[in-house]
Every structure is written in C-alpha cells, then in structure tokens.
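The values are calculated or read from the model by the stated rules, or taken from the named source; none is laboratory data. All values reported here derive from a predicted model rather than from experimental measurement. Heads up, the Cβs are rebuilt from the backbone with ideal geometry, glycines too, and the neighbour counts pull from every protein chain shown.
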Amino acid sequence: MQYLKQVYGPVKNAYQLQGELGCIYQKNNEDVITYANRVKILGKQILKSYKNPGNDPADQNIKAALEKDMCKYFIRGLKLNGVNKYPVYTLGEITIPLFKQDVTFHLVSDDFPISQSGILGNDFFQQTFSKIDYVKGYLDVSGINIPFFSPETIIVAPRSESLFYVRVENPDVKVGYVPKIKVAHGIYLGDTIVENISGKAYLKVISTLDEEIEVQVPTFAPETFK
C-alpha cells in the first residue's frame, strides 16, 4: 500500500485538500484540541501533496501561506458555546490598536445573539493584563481605568439642595473642579471643587422642579488645576 501511494500519489491532490481546509469547522461535541489536530493533520497532507512527483517542491513561501490559511480557517471554524442553544461560528479575527497596544478580537455576524456590541473574553484579559474592580466599579486595562456604565440612580427631592455624587472618569485626579452641569431637566450640579474618594466625587445637587425625580449617576472627569 505504501509503495502504491509513493507511485500514484495521494488519493486527493493539493487543490482538493485545500478545498477541504476552506470548509473545515469544529464539529458538535468536538473539543478544541481535537479540532486543532484535524486542521494540523490536513495541513500536513496538503504540504505533503506539494512534494509528490509532478508538483514543484514545497518551498518556504508555500509553507508560510499554508500556515496562514490554517490559522484563518481554524479561527473561522471555531464554534462559540454558551451564547445560545446552538453553536455560533466566528467569521475570523481582527487585530486593532486599543489602549496603546494591539488586541485581537474574533468577528461574528450582525445577527450574533447578544444585545452588546461585543464580549471581553479570557484572551482579552491575558493580552492586556486587565482586571475588573467591582468595588470601585471600573475595568483596569494595562493601568487605564474605564468606569462601568452605571445604572445607579438617586432620588432628588423637589425644590431643594441635597447631597449627590458623580463617578470619577479620571481616577488619577485626586482633587479637581467640576463646572456647572445640567444633568437632567431642572437638575443642576457643579461649580465646585471635589475630592476623588474611591472613584466617587460628592457634591451638592439643586432641583428646581416641583416633584421628586430619579436621576442617573453620571460619570465625569473633574478638571485639574494648573
């Protein structure tokens, strides 16, 4: 059998095998390692087919292009579990500059079944050395603090001046100035110096309304002193 293979070559030629690579997907109930091994074996078969009689010897350019295709189709064929009742496949990946470094994201179709624009996974946290601080309410990405979008609300009494707070967007500023701000219809705050206390700045809020109102806590960057 080995002699026949050497004489007549493989059953499938390089182009047929490359076609299979372009259609490879992770199977149901198949773990990532097994799927990766299938891609690797198929890649070896393609490379070997170029070395058979009748084909030019596989050079470094062919090998490099093949490895690039293997990586591309492997990622595209990955299925994402836990998002829906059925597996969802990716379209590929993209690397973009984010927070002063290149970060790789997986691309999905517009009908991907989530309401958010994206999901940060383990790869993101490993690439950027990020961590989540639930107590202070922000995401730390390589030393850059990004506040959570907060649904926090405070009930403001009518026709009164009461205590309020804002989330601090620039945590490196310990003391800063907040100019006068209109946070909602008839609700004003600011024109004061504030202190950053664990990511919050406390200040007075003024209501000109005749009824109490629920106001969402804003995130603001106090101005530094020159």
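Remark: residue 208 matches the filter, which requires a residue to be of a type in the set (Ser, Thr, Tyr) and out of contact with any strand residue (DSSP E or B) (no Cβ under 6 Å at 6 or more places or on another chain).
When the stretch 189-207 is filtered for residues that are among the hydrophobic types (A, V, I, L, M, F, W, C) and surrounded by 16 or more Cβ atoms within 10 Å (Cβ to Cβ), the ones remaining, listed by number, are 189, 194, 201, 203, 205, 206. Applying the set (1) over 25 Å from residue 98 (Cβ atoms); (2) hydrophobic (A, V, I, L, M, F, W, C); (3) touching a residue at least 12 places away in the same chain (Cβ under 8 Å) to residue 141 leaves exactly one unmet item: (1).
Looking only at the stretch 162-180, decide whether some residue is surrounded by fewer than 15 Cβ atoms within 10 Å (Cβ to Cβ), basic (Lys, Arg) and without any contact (Cβ under 8 Å) to a residue 24 or more places away in the chain. Looking for residues that are surrounded by fewer than 15 Cβ atoms within 10 Å (Cβ to Cβ), basic (Lys, Arg) and without any contact (Cβ under 8 Å) to a residue 24 or more places away in the chain, one finds at least one in the stretch 162-180, hence yes.
Within the stretch 181-217, being basic (Lys, Arg) and free of Cβ contacts under 8 Å to residues at least 12 places away in the same chain holds for one residue alone: 182.
Taken as a whole, the structure places residue 104 among residues that are modelled with pLDDT of 70 or more, surrounded by fewer than 16 Cβ atoms within 10 Å (Cβ to Cβ) and outside any helix (DSSP H, G or I). Out of 83, 88, 39, one residue alone is buried (at least 16 other Cβ atoms within 10 Å of the Cβ), at pLDDT below 80 and not acidic (Asp, Glu). It is 88. Restrict the check to the stretch 155-164 and report whether at least one residue is in contact with a strand residue (DSSP E or B) (Cβ under 9 Å, 6 or more places away or on another chain), assigned to a loop (DSSP other than H, G, I, E, B), of a type in the set (S, T, N, Q) and not assigned by the TED database to the domain that holds residue 133. No, the stretch 155-164 contains no residue that is in contact with a strand residue (DSSP E or B) (Cβ under 9 Å, 6 or more places away or on another chain), assigned to a loop (DSSP other than H, G, I, E, B), of a type in the set (S, T, N, Q) and not assigned by the TED database to the domain that holds residue 133.
For the stretch 190-217, the set of residues classified as closer than 15 Å to residue 155 by Cα, of a type in the set (Asp, Glu) and within 37 Å of the chain's Cα centre (by Cα) consists of 214 only.
Only residues that are modelled with pLDDT of 75 or more, not in a loop (DSSP other than H, G, I, E, B) and not polar (S, T, N, Q) were counted in the stretch 117-137, giving 5.
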